[in-house]
1. Using alpha carbons only, how many degrees (0 to 90, rounded to 10) separate the axis of helix 251-271 from the longest principal axis of the chain?
2. Based on the inverse mean of 1/r over its pairs of different Cα atoms, what is the Kirkwood hydrodynamic radius of segment 3-329, in Å?
3. Above 21 Å lies some portion of the pair distances; for segment 41-115, what is it as a whole percent of all C-alpha pairs?
4. Could you tally the net charge around residue 103, taking each other residue with its Cβ under 10 Å from the Cβ of residue 103, Lys/Arg +1 and Asp/Glu -1?
5. Simple spin-label model, 7 Å along Cα-to-Cβ: residue 7 to residue 55 in nm?
6. Taking 7 Å along the Cα-to-C-beta vector as the label spot, tell me the residue 72-residue 35 distance in nanometres, rounded to one decimal.
7. Quick one: order 180, 206 by neighbouring beta-carbon count within 10 Å, fewest to most.
8. What FRET efficiency comes out for residue 14 versus residue 166 if R0 is 30 angstrom and r is the Cβ-Cβ distance? Round to the nearest 0.05.
Amino acid sequence: MTAALVAIIVLALAFDFINGFHDAANSIATVVSTRVLSPRAAVVWAAFFNFVAFLVFETKVASNISKGVSPAVVTLTIVGAGLFGAIVWDLLTWWWGLPTSSSHALLGGLAGAAVVKAGFGSLDAPFFLKTAVFIFLSPLIGMVLAMGAMLLLMATAGSRPPGKIDKLFRKLQLLSAALYSLGHGGNDAQKTMGIIVAALAAQGLYQHGPGHHDVPLWVVLSCHAAMALGTMSGGWRIVHTMGMKITKLAPVGGFCAETSGAASLFLATALGVPVSTTHTITGAIVGTGAVRKLSAVRWGVAGRIVWAWLLTIPGAGIIGALSYLLARAVGIPG
């Protein structure tokens, strides 16, 4: 491996760490806000299941990400600029306390750099279109499933004493949080795998093929480890927004949100679609609050989050494009 390739791999793993740090809220906000686990115990619980997700899921998402930009166009400079765009966007939105999608930031940064070099024809249009559709589908699926789960539980357990219900669902939330963290690790870590595979392919160290989903084991393990370490570092600004500002959660609501979000992520990962874990869990949290009463959801906060979602791909894309132009201006080969 060249020094440049090693630097890109290190940058990709840094993004993966920041992804875990930024998106820790997705896995732990509900279980922390319902006081089922302390913040420190929650991040350790989530990090463990982030890591072991490689034992459960195929690397279809990684394969699709690696071919999202034409392999003939991809260079280390393109990959580096895309990663820089995603990292800067993630850090900005973390500072603002906004739960945006690290996945879409990565795709936006990579696409921005590629378009500046070779135009829109360099992008895999069907892949990006499917990803764009899931920007809207993933929170809707999470919301509908969470509403259905809440209505079912209210119908079947509504007459039981609240104390007994809370006690039961505080235990069940450990399971639902584990499932959500498993889905989070299974979908999100694969995005960084795809970027590393794209960089390896650009250097002739990996060959794309039809139906080729084999990612080197060292890439799989390093990406899951980086994400788990990032999750353990926490992202408390976003935890506060997700777990406390959107709606007030009880253990039964937390269980419904996490289980519904996990089901959505499992489905998307099986289909090879890189979805936003942020969008999914936010939709599920809104769904649990809306079942109780529409006024239980702080729609102003939810609206600000949606605007951040819509701006993520173009925002990271602009940063990625500018990063590529700057790299070329200082003489780095493109």
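Any read-out appearing in this document is the output of simple, stated calculations on the displayed coordinates, not a laboratory observation. This is a predicted model, so every value here is computed, not measured. Here the Cβ is made from the backbone with ideal geometry for all residues, glycine too, and neighbour counts use every protein chain on show.
1. Helix 251-271 sits roughly 30 degrees off the main axis of the chain.
2. On the way: mean 1/r = 0.0515 Å⁻¹.
Value: 19.4 Å, from the Cα pair sum.
3. 44
4. Numbers: positive: 191; negative: 23, 188.
Once all neighbours under 10 Å are counted, the net charge is -1.
5. Result: 3.8 nm between the two label points.
6. About 6.2 nm, to one decimal.
7. So the ranking, lowest neighbour count to highest, is 206, 180.
8. In this case the efficiency is close to 0.15.
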